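Visitor: Quick one: the structure is below, questions incoming.
The values are calculated or read from the model by the stated rules, or taken from the named source; none is laboratory data. In this text, all values refer to a predicted model and were calculated from it rather than measured experimentally. Don't worry about glycine lacking a Cβ; one is built from the backbone with ideal geometry, like all the others, and counts go over all protein chains shown. Quick note on the areas: whole protein, heavy atoms, side chains included, nothing else; ligands and nucleic acids left out. Shrake-Rupley method; radii C 1.70, N 1.55, O 1.52, S 1.80 Å.
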Amino acid sequence: MWLSSAALARSPRHRFYEKLNELLLEAKFDRRVEALCAPYFEADGPGRPSIVPGVYFRMLFVGYFEGIESERGLEWRCADSLSLRTFLGVSMDKRVPDHSSLSRMRTRLDGEVYDEVFRLVLQIVESKGLLRGKVEGVDSTYLRADASMKSIVRKDTGDDYTTYLKKLCEAQGIEDPTVEDARRMDRKRKGKKSSNKEWQSPTDADARIVRLKDGRTRLGYKAEHVVDLETGAIVAAEVYTGTDADTATLRPSLEAARENVTAARADSDDDDAPPPAAPTGASRPMVEVVADKGYHKVQSLLELRRAQYRTYIPAPEQKGKRHFGDKGRMLAREAFHHNQARVRRAKGKALLRQRGEKLERTFAFTCESGAHRRVRLRGRDNVRKRYVLHTAAVNLGLVMRTLYGHGTPRQMADAVLAAIVAATWMVLRALVSFEECVFGTLLPSSMALRRVARFIG
């Protein structure tokens, strides 16, 4: 009547997650994240036991590798898969952490902890020789927030869009307007627009109204990547509000990338200690920055030049004569023309091509195959915590792809299937060739084998 968990049949472990666990154990990942999270827990606090930090961060990594966007989906997938249970270290007689526990763990830990975990992963990237830090590309994309445009309200009165339209109808002399009357009036209304100064989301106050590339209007955030163009590793990932201009977020993202690279390269005497912060008084090495014309601003070029950045940012087309202002006019003019000269050289054109290839690839991995184009959390802090760990998993995938040729579990499974099909095809071709040599003709059974071989080939 009773069967122990040790007597249950066990499936073979997934090769990808087995190698990934070896990579994390080699870097002493569990000990170091426990040291990071220790100040946020009480030894004898009330309530159920908290999640082991190593298990918690591994579950967030699974969100990228399996393409799962919600915490409920993470709980279900990890509970359903024996391979993921082995990866997490959760036996069959224990329950996978609940999604509410994941939410509680996320709110308990500060954003600095997630930054330090990102640096731990970046140290793994550095240990495998995949971090250069000399040429960095910057670009951004929009993330759809977990809020609907249909639910936005006025900041001054708190009215929703339908109530606002009915009031406009009453102002035009329409008595007791219906919803259909309001919609009909709205279609003919001139000068209508949804402004962030007048409208906000009642469920996510940090989300902003943004216009996507296809012209649609949605509530969202802006995610910005700083990528090492020599290797494709993400050295910094930041989440800003949707209305922040690219020229305003360029310098903070580059400074965060410089701190991450410096911390990843710093040697620590204690292997269990978190990576140290970047020294403030040390000399700053020159870093080459590649971005598109949306990041071009003369004042930004001058500031980056003073901060030891060499820019390759093409200037947008402008009619008429360019004016550089009164303050620092000569220096600004010099920074502008030097940047333009670098862009027009062969090296600058090659770097811009690499930016379009390697930088856009990180967004495809993170947002498309990693299923993070639509966020399932509310609030910029919560979105940033999850996104930073998501990009850390992208870096782990880069290391796995470099070492073993496959960056996700699905790629490794497809490669195994392709190898089996290729081996089967070789065996069938060998059998057909053998009968042709021995009998001089094909038997009826060999005719069927030839059809199968052609189909597989």
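Visitor: Looking at the stretch 202-216, is at least one residue closer than 21 Å to R144 by Cβ, hydrophobic (A, V, I, L, M, F, W, C) and exposed (fewer than 15 other Cβ atoms within 10 Å of the Cβ)?
Guide: Scanning the stretch 202-216, I find at least one residue that is closer than 21 Å to R144 by Cβ, hydrophobic (A, V, I, L, M, F, W, C) and exposed (fewer than 15 other Cβ atoms within 10 Å of the Cβ), so the answer is yes.
Visitor: For the stretch 219-237, what are the residues that are touching a His at 6+ places or on another chain (Cβ under 8 Å) and closer than 12 Å to E360 by Cα?
Guide: Filtering the stretch 219-237 down to residues touching a His at 6+ places or on another chain (Cβ under 8 Å) leaves 234, 236-237.
Passing the criteria: only I234.
Visitor: Next up: How many of the residues in the stretch 80-130 are free of Cβ contacts under 8 Å to residues at least 24 places away in the same chain, closer than 23 Å to G397 by Cβ and either of a type in the set (F, W, Y) or outside any loop (DSSP other than H, G, I, E, B) (or both)?
Guide: 2
Visitor: Moving on to the next point. For the stretch 331-389, give me the residue count where each residue is within 30 Å of Q200 (Cα to Cα) and outside any helix (DSSP H, G or I).
Guide: 10
Visitor: Restricting attention to the stretch 66-78, does a residue exist that is open to solvent by 20 Å² or more (accessible area, probe 1.4 Å), touching a residue at least 12 places away in the same chain (Cβ under 8 Å) and of a type in the set (K, R)?
Guide: Checked the stretch 66-78: at least one residue is open to solvent by 20 Å² or more (accessible area, probe 1.4 Å), touching a residue at least 12 places away in the same chain (Cβ under 8 Å) and of a type in the set (K, R).
Visitor: Right, another one. Inside the stretch 375-405, can you point out the residues that are small (G, A, S) and open to solvent by less than 10 Å² (accessible area, probe 1.4 Å)?
Guide: Residues of the stretch 375-405 small (G, A, S): 379, 392-393, 397, 405.
A392, A393, G397 - these are the residues of the stretch 375-405 that are small (G, A, S) and open to solvent by less than 10 Å² (accessible area, probe 1.4 Å).
Visitor: Pick from K150, K166, K197: which is assigned to a helix (DSSP H, G or I), open to solvent by 60 Å² or more (accessible area, probe 1.4 Å) and in contact (Cβ under 8 Å) with a residue 12 or more places away in the chain?
Guide: None of the others qualify; the one that does is K166.
Visitor: Check A413, A332, A419 and return the single one that is at pLDDT below 90 and buried (at least 16 other Cβ atoms within 10 Å of the Cβ). Before the answer, list the steps.
Guide: Values: A413 fails: buried (at least 16 other Cβ atoms within 10 Å of the Cβ); A419 fails: buried (at least 16 other Cβ atoms within 10 Å of the Cβ).
Residue meeting the stated conditions: A332.
Matching residues to (1) within 31 Å of the chain's Cα centre (by Cα); (2) buried (at least 17 other Cβ atoms within 10 Å of the Cβ):
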position: R305; (1), (2): yes, yes
position: Q308; (1), (2): yes, no
position: P314; (1), (2): yes, yes
position: E317; (1), (2): no, no
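Visitor: Criterion first (closer than 30 Å to R401 by Cα and in a strand (DSSP E or B)) does E136 satisfy it?
Guide: yes
Visitor: Look through the stretch 109-144, keep the residues that are closer than 18 Å to P53 by Cα and open to solvent by 30 Å² or more (accessible area, probe 1.4 Å), and return whichever of them is farthest from the chain's Cα centre (by Cα).
Guide: Looking at residues that are closer than 18 Å to P53 by Cα and open to solvent by 30 Å² or more (accessible area, probe 1.4 Å), I get D110.
Visitor: Just for the stretch 178-194: of the residues that are in a loop (DSSP other than H, G, I, E, B) and open to solvent by less than 80 Å² (accessible area, probe 1.4 Å), which one is nearest to L377 (Cα to Cα)?
Guide: S194
Visitor: Looking at the structure I just gave you, is E175 open to solvent by 80 Å² or more (accessible area, probe 1.4 Å) and part of a loop (DSSP other than H, G, I, E, B)?
Guide: Against the criterion (open to solvent by 80 Å² or more (accessible area, probe 1.4 Å) and part of a loop (DSSP other than H, G, I, E, B)), E175 qualifies.
Visitor: Could you say which residue among T178, T247, T162, T157 is among the β-branched types (V, I, T) and within 31 Å of the chain's Cα centre (by Cα)?
Guide: T247
Visitor: Checking W76 against (1) in contact with a His (Cβ under 9 Å, 6 or more places away or on another chain); (2) over 27 Å from A233 (Cα atoms); (3) assigned to a loop (DSSP other than H, G, I, E, B), only one condition comes out false. Which one?
Guide: Here W76 meets the rest and fails (3).
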